[in-house]
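Read the structure below first, then the notes.
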Amino acid sequence: ARLVGDPQLFTVPQIWGFVITRLALEPPYPRLFGIEEEDLIFIEVTQDEKTESYAGRLRSGQREWLSLQDEGDDIPVDPSKWGDTLAKVSRSLVYDVLPGELEDLKELGLDPPQITVRIGARDGAIFVVHLGNATPNGNQIYGLVVDQPEIFAVPLDWVETVTGLVTDPPYTSG
């Protein structure tokens, strides 16, 4: 290793190189919530006064996801449309914890929120995420997790994944 601007060469333990390389390739971004994909059991998204709810269940040893309907006739999701939804939702990476006070929620579009996402885990934990306006660069959306003090810059791809559950529900055809 060598320090920038210093001609001297140093040796460092090999593990140090692995750690530094991993930080570059897999940055330790914060997450909105800590639920792994296999532990997700419930997703509910509300946008523009429309709500779609989904729940996972085991059937014949296989996990299947259903769209929960008010009438009680739950609809299985179409696996080809559902795709990697669970992986995307559980990943929940955020690129920035924003400076700001929770008093600024109205101007950020978070009071009231434009979108509300409820995520349930197998252990009974439930996380409620509020999403608001786009950030000034337009690449993220302001977000917060209810009962947490931080305001986050939530990536658009995560927002599009969860809002797609309302705007283009992945119901089975037919």
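The values are calculated or read from the model by the stated rules, or taken from the named source; none is laboratory data. Owing to the predicted nature of the structure, the values given are computational and were not obtained by experimental measurement. All Cβ positions, even for glycine, are placed from backbone atoms using ideal geometry, and neighbour counts span all protein chains on display. We work out accessible area using only protein heavy atoms, side chains counted, and drop any ligands, DNA or RNA first. Shrake-Rupley method; radii C 1.70, N 1.55, O 1.52, S 1.80 Å.
Out of curiosity, is E36 over 13 Å from the mean Cα position of the chain (by Cα), under 23 Å from H130 (Cα atoms) and open to solvent by 50 Å² or more (accessible area, probe 1.4 Å)? Considered against the rule, which asks whether it is over 13 Å from the mean Cα position of the chain (by Cα), under 23 Å from H130 (Cα atoms) and open to solvent by 50 Å² or more (accessible area, probe 1.4 Å), E36 comes out as no.
Taken over the range 39-77, the criterion of being part of a loop (DSSP other than H, G, I, E, B) and either modelled with pLDDT of 95 or more or over 21 Å from the mean Cα position of the chain (by Cα) (or both) is satisfied by S60, G61, Q69, D70, E71, G72, D73, D74. F18 satisfies every condition listed in (1) modelled with pLDDT of 85 or more; (2) of a type outside the set (G, A, S); (3) open to solvent by 60 Å² or more (accessible area, probe 1.4 Å); (4) out of contact with any helix residue (DSSP H, G or I) (no Cβ under 6 Å at 6 or more places or on another chain) except (1). All of G100, G120, G109 fail the test of being modelled with pLDDT of 90 or more and at positive phi, apart from G109.
Out of all the residues in the range 151-165, is one or more open to solvent by 60 Å² or more (accessible area, probe 1.4 Å) and of a type outside the set (D, E, K, R)? Checked the range 151-165: no residue is open to solvent by 60 Å² or more (accessible area, probe 1.4 Å) and of a type outside the set (D, E, K, R). The set of residues from the range 116-151 being in a strand (DSSP E or B) and more than 22 Å from D84 (Cβ to Cβ) comprises T116, I126, V128, H130, G132, N133, A134, Y142, L144, V145, I151. Residues of the range 80-101 being part of a loop (DSSP other than H, G, I, E, B) and farther than 29 Å from P136 by Cβ, which ones? The answer is G83, D84. Residue count for the range 64-101 satisfying the condition of being open to solvent by 70 Å² or more (accessible area, probe 1.4 Å) and more than 16 Å from V117 (Cβ to Cβ): 11.
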